[in-house]
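Participant: Take a look at this one; I'll ask things after.
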Amino acid sequence: MDHHRRRDSLAIGGNHFIHVIRRNVDLNILLFNNQIYGLTKGQFSPTTPMGKVTKTSPMGTIEHPFNIGELVIGAQGTFFARVPDNNIALMTECMFEAAKHDGTSVTEIMENCIIFADKAHAPVTGKDVKDDNMLILKNGAPMVWGKNNEKGLILKDTMLEVVEIGKNGVTIDDILIHDQYSQDPGIQLMLAKLAPPHFPMVFGVIRSAMYPTYDDLIEEQIKYAKETSKIKNVDDLLNSGDTWEI
């Protein structure tokens with residue numbers, strides 16, 4: 001089927017958002033996250049950081065924001081990617097992966113709203129901090145970042161931990177390898193939730209797991225019904241069940 005792209009609000013469209021993900025309809029969703037309601041003049045939104053002063057939260061919002069990746073994976077999502085709006089190459093790569101994916105894909109675009117939330121993502125994506133605060137994933141590659149790729153993630157007990165390669169006996173072989181195709185979402189969920197100051201924020205394709213789509217399953221049901229039903233056409237339908245002549 002055709003792949004459609006649309007902007008979806010987590011508030012107004014929240015019900016549709018979680019259920020299209022749960023059903024795994026063959027659909028591509030681009031979600032623009034600017035942490036504010038820009039078109040309606042600066043009210044706080046479901047992704048506004050807690051404590052932020054806006055036109056509708058003059059003393060700071062007291063609501064916990066959604067983490068998009070956590071929400072997608074929690075709704076049984078099969079594909080989630082995150083990209084900054086100023087990295088066109090990465091955005092192109094993730095959109096290509098989303099288009100290849102069979103099922104619902106969600107790509108979160110960290111978008112800047114220069115009017116009502118200017119530089120909202122700058123603490124992560126700004127030129128002076130991005131080396132330390134952005135981990136860009138590559139499938140099958142170690143999870144490393146930093147100006148010289150000197151930082152990495154390991155799994156210690158049940159938690160992710162930041163280590164520095166070359167110190168305390170840590171080598172590149174100790175670093176976790178990214179597997180975007182893993183059906184088990186455990187590590188992928190952990191990655192989606194990471195954020196500064198103690199961790200980097202993770203970008204790229206975080207999850208791309210293969211599961212049957214809604215489209216495939218409904219086509220199988222239709223095919224089975226056609227093969228097993230005694231009704232083959234409209235005449236069969238009209239002459240089935242209780243019939244009588246007038």
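All of the numbers you see were taken from the coordinates with simple rules; none came from a lab. Computed from a predicted structure; not experimentally measured. When we count neighbours, we look across all protein chains shown, and the Cβ atoms used for this are built from the backbone with ideal geometry, even at glycine.
Participant: Two decimals is fine: what's Rg over Rh for region 72-150, C-alpha atoms, Kirkwood radius as Rh?
Facilitator: With Rh from the inverse mean 1/r over Cα pairs, Rg/Rh is 1.00.
Participant: Work out, in µm²/s and without decimals, the Stokes-Einstein translational diffusion coefficient of region 167-237 at 37 °C, 0.692 mPa s, Rh from Kirkwood over C-alpha pairs.
Facilitator: Values: Rh = 16.9 Å.
Here the translational diffusion coefficient equals 195 µm²/s.
Participant: Nearest 20 debye, what's the magnitude of the dipole of the chain about its Cα centre given +1 on Lys and Arg Cβ and -1 on Asp and Glu Cβ? Please list the in-between numbers first.
Facilitator: Working: 24 positive and 32 negative charges, 187 e Å.
Using Cβ point charges on Lys, Arg, Asp and Glu, the chain gives about 900 debye.
Participant: Now a separate question. Quick one: of LYS127/LYS167; LYS55/LYS147; LYS52/LYS127; LYS52/LYS130, which pairs are farther than 32 Å apart, Cα to Cα?
Facilitator: Details: LYS127/LYS167 26 Å; LYS55/LYS147 38 Å; LYS52/LYS127 23 Å; LYS52/LYS130 22 Å.
The pairs that break the limit, which is 32 Å between Cα atoms, are LYS55/LYS147.
Participant: To the nearest 10 degrees, how steep is helix 214-228 against the longest Cα principal axis of the chain, on a 0 to 90 scale?
Facilitator: Roughly 20 degrees between the two axes.
Participant: Please check which bits of region 100-120 a label hung off PHE32 would reach, taking the label as a point 7 Å along Cα-to-C-beta and the cut-off as backbone N under 20 Å.
Facilitator: 105-120
Participant: Right, next: Along each of its three principal axes, how wide is the spread of alpha-carbon positions in the chain, in whole angstrom units, largest first?
Facilitator: The Cα atoms of the chain stretch 88, 49, 33 Å along their principal axes.
Participant: Can you tell me the 0 to 90 degree angle between the C-alpha axis of helix 14-23 and the longest principal axis of the chain, rounded to 10?
Facilitator: For helix 14-23, the angle is close to 70 degrees.
Participant: Using the Karplus equation 6.51 cos²θ - 1.76 cosθ + 1.60 (θ = phi - 60°), what ³J(HN,Hα) coupling, rounded to whole Hz, does each residue of region 151-166 give in order, writing x for Gly and Pro?
Facilitator: 10, x, 10, 10, 9, 10, 6, 10, 10, 6, 9, 8, 10, 10, 5, x
Participant: Another one. Fewest first, what order do SER240, SER105 take by the number of other Cβ atoms within 10 Å?
Facilitator: Values: SER240 11, SER105 30.
Least to most surrounded, the residues fall as SER240, SER105.
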